[in-house]
Number of protein chains: 2
Amino acid sequence: MTPVEQVNKTSKAQPSGPGRAPVTLRDIASVVGVSPSAVSMALADHPRIGRATKEAVRAAARELGYVANSAGRALRAGRSTSIAVVVPNTAQHVFGHPYFMQLLVGVTSSANAHDSTVLISTNPDQHHEVAAYDRILRSQAAGGAIIASAAINDPNVSRMVDTGLPVVLIGRYPHLPQAVSVGVDDVAGAAAATGHLLSDHGLRRIGHISGPLEHQTALDRYEGFRAAMTQCPEPCVQGLAIGDFSEQAGRDGAAQLLDGMSGLQAIFAANDEMAYGALLELRSRGLRVPQDVALVGYDDFGVSRLTTPTLTTVRVPAEDLGWQAAERLFGLIDAAAGEVTHSVLPIELVPRESCGTHSVPSVP
Amino acid sequence: MTPVEQVNKTSKAQPSGPGRAPVTLRDIASVVGVSPSAVSMALADHPRIGRATKEAVRAAARELGYVANSAGRALRAGRSTSIAVVVPNTAQHVFGHPYFMQLLVGVTSSANAHDSTVLISTNPDQHHEVAAYDRILRSQAAGGAIIASAAINDPNVSRMVDTGLPVVLIGRYPHLPQAVSVGVDDVAGAAAATGHLLSDHGLRRIGHISGPLEHQTALDRYEGFRAAMTQCPEPCVQGLAIGDFSEQAGRDGAAQLLDGMSGLQAIFAANDEMAYGALLELRSRGLRVPQDVALVGYDDFGVSRLTTPTLTTVRVPAEDLGWQAAERLFGLIDAAAGEVTHSVLPIELVPRESCGTHSVPSVP
DNA sequence: GCCTGATGCTCAAACGTTTCAGCACTTCCT
DNA sequence: AGGAAGTGCTGAAACGTTTGAGCATCAGGC
């Protein structure tokens with residue numbers, strides 16, 4: 001029907017169709033019969049613009065499908081409306097987990113609610129990493145950043161906090177008291193998981209496979225395990241194997257615990273991936289889970305539901321984390337100088353088959 | 001040296017530290033002693049700028065840590081350097097899969113290489129969906145978009161293609177011949193999986209649990225299955241149960257096939273999630289996999305590695321898909337009028353335990 | 001000596017937005 | 001009547017970038 005001239009010198013009005021020029025303030029202004037400034041102020045609900053004009057402007061804007069040009073707005077404002085989500089490559093073990101996706105879903109819903117957009121920087125390549133997120137922030141493409149990293153003393157993290165740009169960290173960063181962070185109560189989560197084995201299943205000889213202790217997450221989960229064990233009124237025996245959150249580390253850790261502790265009754269792994277590794281090791285030694293050795297994981301990002309037996313685990317509310325972090329970030333951006341806070345979200349124990357036979361949804 | 005008065009009134013020179021003003025072309029210009037235009041042209045390697053000036057400018061830019069303001073550049077250019085990744089909520093089953101993360105990794109590496117950034121729009125909420133990605137594109141925050149959707153006739157998809165904005169679709173869209181797409185050869189993948197059951201394991205009575213047939217992906221996988229079955233020289237019996245890619249649909253589909261086909265020897269599910277559901281159903285009926293019924297899934301996004309037995313599946317190269325789609329998109333953006341092409345990436349059969357005992361990496 | 005062409009830069013304008021000062025007009029108060 | 005205050009808008013400027021036109025300067029060819 002309508003000839004498509006693309007850049008179009010000939011046709012005048014193009015109500016719709018491919019290649020039509022974007023609607024600007026000027027377009028609305030000429031429709032309504034006021035200046036672009038008035039349109040801008042009307043849309044911002046400025047008190048000095050008359051009611052009638054505001055309504056006319058809003059109607060025209062809706063009619064024409066006006067959406068403010070983000071570049072123009074950002075340039076004028078001196079900062080972008082976008083927020084960046086940075087995943088430094090130190091969080092490699094995060095890739096392949098639904099964790100990050102859940103985080104993103106949370107962040108994007110908050111961003112949608114704030115009429116903002118989400119820019120992401122995942123950096124699989126070590127070499128380009130600094131350049132990539134650095135470029136995003138230095139180019140002022142984002143008005144703030146959410147950093148999903150796990151390593152303590154990651155130099156990137158403190159550098160970013162130091163830039164003065166609004167930044168929210170995901171996780172606990174006790175050594176960065178000046179930073180705003182949103183994390184989960186891993187100590188309580190690990191204590192709940194361990195307490196479940198102790199109290200509900202009456203087990204007393206429990207080994208823990210921890211993550212790398214440069215990660216606060218790994219430290220906290222170990223701390224929760226230790227606290228629960230030492231607070232048990234009856235005599236307990238605890239063991240520790242240090243892993244790196246990988247399946248292989250789970251196998252190795254389980255082997256180490258089995259060889260080192262006589263009468264091992266349960267293994268609490270610091271994440272589901274390692275619990276799965278431990279499961280494989282136990283199975284290869286002919287040990288049954290949970291009859292011979294009970295098993296508990298951590299994260300509940302999808303792995304734990306699929307194994308046989310299904311894994312008892314501790315759910316980390318990733319989507320909530322992302323949402324909270326984004327909300328916090330928008331608060332920082334708006335207030336320019338928000339108070340420094342460290343939010344800690346609660347966790348939830350998810351009992352499944354691998355710790356014993358109670359409360360297991362049975363297969364029909 | 002040069003006093004930076006900008007935001008703070010007290011301190012004079014801040015070579016570094018929080019709150020320092022961003023470096024602009026003007027800053028470099030005043031250091032080098034030329035006009036901002038000359039700096040811009042020098043950095044763009046314009047032939048009319050002298051060698052000496054170029055070198056001085058580049059040195060100063062490096063020294064000051066100059067990064068072009070993205071808003072300024074986008075405003076001037078009339079389009080952003082970012083690309084958007086849109087995940088319409090029709091692709092719900094994608095959430096929670098590492099698929100999307102892998103896709104993102106591929107897209108971001110390409111974007112890094114092109115000095116671009118990635119904007120993402122995941123829209124868990126039906127109501128805000130149109131508004132969210134619409135806003136991104138209408139605000140010209142992105143110079144192009146990659147759409148990861150699955151449903152045929154998703155109105156969003158054709159609308160986006162019609163905007164005239166450079167768009168690359170992920171998946172096969174035979175009904176949108178004017179659109180650029182990057183997909184996988186699902187027909188060949190499904191045929192390979194089915195052929196594996198037929199030729200390598202000698203099975204002849206095979207049921208397929210398909211996805212919803214509004215999805216091209218589901219159609220293609222069914223088509224591959226059918227083709228392989230009918231091309232088999234010996235007499236075969238095929239069955240079909242239509243599912244929706246969910247675990248429950250896998251259970252239901254398996255039940256339907258088991259009840260409907262006597263002597264069922266194998267089930268080929270259109271994704272791993274449904275294969276897992278089928279596994280649960282088989283197990284609850286006391287049937288062993290693979291001894292009584294062989295099982296094959298599709299996707300290899302993580303599920304298949306974890307089940308017991310591990311699932312034979314077909315690997316979808318998600319990271320590659322993302323990378324290719326981004327490369328294609330940058331091609332479109334640069335060329336302004338690239339040719340319409342439909343790339344199809346090859347797939348790979350991943351034999352594991354659930355189809356039989358050959359070539360299984362045994363547990364040590 | 002003058003034209004031609006090349007070289008190396010500057011200037012101005014423009015992208016779309018927001019904001020601030022200011023103008024014109026009305027209304028109210030004394 | 002005359003000033004003050006309020007109302008509703010306009011015009012200009014600015015954010016940082018890119019680019020085409022234009023202005024010098026200089027080398028070489030006749």
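Yes or no, residue by residue, for (1) in a helix (DSSP H, G or I); (2) more than 22 Å from residue B:134 (Cα to Cα); (3) within 12 Å of DNA strand C (Cβ to nearest atom); (4) under 40 Å from the mean Cα position of the chain (by Cα):
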| site | (1), (2), (3), (4) |
| --- | --- |
| A:31 | yes, yes, no, no |
| A:40 | yes, no, yes, yes |
| A:45 | no, yes, yes, yes |
| A:63 | yes, no, no, yes |
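Looking at the stretch A:47-61, which of the residues that are surrounded by fewer than 15 Cβ atoms within 10 Å (Cβ to Cβ) and in a helix (DSSP H, G or I) is nearest to the other protein chains (Cβ to nearest Cβ)? Checking each candidate, the answer is A:59. Residue count for the stretch A:264-273 satisfying the condition of being at pLDDT 95 or above and not aromatic (Phe, Trp, Tyr): 6.
Among the residues of the stretch B:275-288 satisfying the criterion of being within 14 Å of residue B:310 (Cα to Cα) and either in contact with a Phe, Trp or Tyr (Cβ under 6 Å, 6 or more places away or on another chain) or not basic (Lys, Arg) (or both), which is surrounded by the fewest Cβ atoms within 10 Å (Cβ to Cβ)? Checked the stretch B:275-288; the qualifying residue surrounded by the fewest Cβ atoms within 10 Å (Cβ to Cβ) is B:280.
For the stretch A:301-320, the set of residues classified as under 14 Å from the mean Cα position of the chain (by Cα), of a type outside the set (Phe, Trp, Tyr) and in a loop (DSSP other than H, G, I, E, B) consists of A:316, A:317, listed by residue number. Restricting A:291, A:324 to residues that are of a type in the set (S, T, N, Q), away from chain B (no Cβ under 14 Å) and crowded, with 19+ Cβ neighbours inside 10 Å narrows the list to A:324. Only one of the listed residues (A:263, A:239, A:211) is among the small types (Gly, Ala, Ser) and surrounded by fewer than 17 Cβ atoms within 10 Å (Cβ to Cβ). That residue is A:263. Being within 9 Å of another protein chain (Cβ to nearest Cβ) and not in a loop (DSSP other than H, G, I, E, B) is the filter here, so list the residues in the stretch B:131-160 that pass it. Correct list: B:131, B:132, B:134, B:135, B:136, B:137, B:138.
Criterion applied to A:30, A:40, A:80 was being in contact with a Gly (Cβ under 6 Å, 6 or more places away or on another chain) and either hydroxyl-bearing (Ser, Thr, Tyr) or farther than 30 Å from residue A:272 by Cα (or both), and the one residue passing it is A:80. Just one of the listed residues (B:68, B:91, B:74) is under 27 Å from the mean Cα position of the chain (by Cα), modelled with pLDDT of 95 or more and within 13 Å of chain A (Cβ to nearest Cβ), and it is B:74.
Counting only residues that are part of a loop (DSSP other than H, G, I, E, B) and modelled with pLDDT of 95 or more, the stretch B:176-200 holds 1 of them. Would you point out the residue of the stretch B:177-191, among those that are surrounded by fewer than 20 Cβ atoms within 10 Å (Cβ to Cβ) and within 21 Å of residue B:331 (Cβ to Cβ), that is nearest to the other protein chains (Cβ to nearest Cβ)? Here the residue is B:178. The single residue among B:324, B:291 that is among the polar types (S, T, N, Q) and closer than 30 Å to residue B:78 by Cα turns out to be B:324. For the structure I just gave you, tell me whether residue A:111 is at pLDDT 90 or above, within 12 Å of chain B (Cβ to nearest Cβ) and either assigned to a loop (DSSP other than H, G, I, E, B) or at positive phi (or both). Taking the combined requirement at face value, the residue does not satisfy it.
Residue by residue, here is whether (1) among the hydroxyl-bearing types (Ser, Thr, Tyr); (2) touching an Asp or Glu at 6+ places or on another chain (Cβ under 7 Å); (3) not in a loop (DSSP other than H, G, I, E, B) holds:
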residue: A:254; (1), (2), (3): no, yes, yes
residue: A:264; (1), (2), (3): no, no, no
residue: A:280; (1), (2), (3): no, no, yes
residue: A:283; (1), (2), (3): no, no, yes
residue: A:292; (1), (2), (3): no, no, no
residue: A:322; (1), (2), (3): no, no, yes
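So which residues in the stretch B:192-207 are crowded, with 22+ Cβ neighbours inside 10 Å and either among the small types (Gly, Ala, Ser) or at positive phi (or both)? Matches in the stretch B:192-207: B:193, B:207.
Across the stretch B:65-83, the number of residues qualifying as within 7 Å of DNA strand D (Cβ to nearest atom) and of a type in the set (S, T, N, Q) comes to 1.
Within the stretch A:231-246, the presence of a residue that is of a type in the set (D, E, K, R) and assigned to a helix (DSSP H, G or I) is excluded.
One residue stands out among those in the stretch A:294-321 that are within 11 Å of another protein chain (Cβ to nearest Cβ) and among the hydroxyl-bearing types (Ser, Thr, Tyr): the one that is surrounded by the most Cβ atoms within 10 Å (Cβ to Cβ), which is A:304.
The values are calculated or read from the model by the stated rules, or taken from the named source; none is laboratory data. The structure displayed is predicted, hence computed values, not measured ones. All Cβ positions, even for glycine, are placed from backbone atoms using ideal geometry, and neighbour counts span all protein chains on display.
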